[in-house]
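The values are calculated or read from the model by the stated rules, or taken from the named source; none is laboratory data. Note that the structure is predicted; figures quoted are calculated from it, not measured. Here Cβ is always computed from backbone atoms with ideal geometry, including for glycine, and neighbour counts include all displayed protein chains.
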Amino acid sequence: MSSTLGAGVLLAMVSGLMNGSFTLPMRFLGRWDWEHVWSLFITISCLVMPAAIIGIEAPQSWAILAHAPARALAIAALAGFAWGFGALMFGQSASAIGISLANTLVLAISSALGSLLPVLLLARQRFFEPAGHRILEGVAVAIAGIVLCGQAGQMREKAAGGRIERGNLVGRARPMGIALLLAAGSGVLSGVFNIGFALSQPIAAYGRTQGLSAFASTNLIWGVMLAAGSLANIGFCVHLFLKSHNFLKFRAAGATRLYLLSMLMALLWGGSIFVYGAAAPRLGSLGASIGWPLSLATGLVLANAIGFGLGEWKQAPRGARRWMYSGLAFLLIAIVLLSRAGD
């Protein structure tokens, strides 16, 4: 393994650790409503943080971006906007069914689609090679794991009489069927995020011709995608504020801790995106198909460790936990298959 490839693998895993832990602060933000937390989280992670990183790393990036290939810019904006709805669904599903199950379903679906579709769109001939066979095998095993985890969630809800251990998790519980639909929708649209990244590479290529580093060139894509994705999220939060008239909770006494926790969420998740952007170019021509599942596998393990540690499954019968463990095993096998697609 070359030093470049090794660095790419390490960065992808660091990205996964950040992604798998960013929802943890939601367990301690129950004094605010969901829209307070989510609007602050999105504003920092999708607007403030990207603008700061791009401006510090390469201030000339904005002028370069204005002349980047128009088709790639349109793809990045559309994929980012679609992903924005997926982020909304994830935020709602995590509040509804907890960190462990929501992350498992969303990351599993995203891993499968985010690995499959870039190859389908960019290198279809690879499906007839060993790498393509591993991707198809990984997707099939991932589907089996998703089914097992979904069944575990249904059993957990039934045993708990519809009441799931949520701690002080911000937001409100929902019926399992609705929560599973939200998680599935989020997983599909999160996969679109990686697809948009893969199809928007001409933006990064143009940035490199203008003297930007690989990292700064990739940040051009993130700037467009994250800004577009913020539109749906901020719009929905504004709708909730107008409906509930609770905007002034931002000024409630003792809110400093809530601001800091929401900012920590944003820094962890936003940071995971930029770290992944640094990993993908180091993983070769299929970096978007290999780094994505590797990052998500790490996040999947950590998110479940957090969820189990916080007691989200303590009410579940032993059979439900067995289904969940089996599903996780299938998903980890699937992600190993997907991450080996470049061998």
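Name the single residue that is surrounded by the most Cβ atoms within 10 Å (Cβ to Cβ) among those in segment 32-66 being under 21 Å from Arg251 (Cα atoms) and of a type in the set (Ser, Thr, Tyr). Among those that are under 21 Å from Arg251 (Cα atoms) and of a type in the set (Ser, Thr, Tyr), it is Ser39. The condition of being modelled with pLDDT under 95, surrounded by fewer than 24 Cβ atoms within 10 Å (Cβ to Cβ) and out of contact with any Gly (no Cβ under 6 Å at 6 or more places or on another chain) holds for Leu121.
Which members of segment 292-321 meet the condition of being of a type in the set (D, E, K, R) and in contact (Cβ under 8 Å) with a residue 24 or more places away in the chain? Selection gives Glu312, Lys314, Arg321. Selection of segment 49-81 for residues being closer than 25 Å to Ser262 by Cα and out of contact with any helix residue (DSSP H, G or I) (no Cβ under 8 Å at 6 or more places or on another chain) yields Ala52, Ile56.
Evaluating Ser111 against the criteria (1) modelled with pLDDT under 75; (2) under 20 Å from Glu35 (Cα atoms) leaves one unmet condition, (2). The listed residues are Leu181, Leu242, and the only one of them that is within 30 Å of Ala152 (Cα to Cα) and surrounded by fewer than 16 Cβ atoms within 10 Å (Cβ to Cβ) turns out to be Leu181. Checked across segment 152-169, the condition of being within 21 Å of the chain's Cα centre (by Cα), small (Gly, Ala, Ser) and either assigned to a helix (DSSP H, G or I) or at pLDDT below 80 (or both) holds for at least one residue. Just one of the listed residues (Gly254, Gly235) is surrounded by fewer than 19 Cβ atoms within 10 Å (Cβ to Cβ), of a type outside the set (A, V, I, L, M) and not in a helix (DSSP H, G or I), namely Gly254.
Considering (1) assigned to a helix (DSSP H, G or I); (2) at pLDDT below 90, the lone condition that Met265 does not fulfil carries the number (2).
Is it true that some residue in segment 130-138 is in contact with a Gly (Cβ under 8 Å, 6 or more places away or on another chain), more than 24 Å from Ser326 (Cβ to Cβ) and at pLDDT below 70? Working first, answer last.
Of all residues in segment 130-138, those in contact with a Gly (Cβ under 8 Å, 6 or more places away or on another chain) come to 131.
Now drop any that are not more than 24 Å from Ser326 (Cβ to Cβ), which leaves 131.
Now narrow it down to the ones that are at pLDDT below 70: 131.
Checked against the condition, which is being in contact with a Gly (Cβ under 8 Å, 6 or more places away or on another chain), more than 24 Å from Ser326 (Cβ to Cβ) and at pLDDT below 70, segment 130-138 yields at least one hit.
Taking residues in segment 202-230 that are on the phi > 0 side of the Ramachandran plot and part of a helix (DSSP H, G or I), and partners anywhere that are among the aliphatic types (A, V, I, L, M) and at pLDDT below 95, not one pair has Cβ atoms closer than 6 Å while being at least 6 places apart or on different chains. Within segment 309-329, the set of residues being closer than 28 Å to Val14 by Cβ, surrounded by 15 or more Cβ atoms within 10 Å (Cβ to Cβ), modelled with pLDDT of 80 or more and among the hydrophobic types (A, V, I, L, M, F, W, C) comprises Met324, Leu328.
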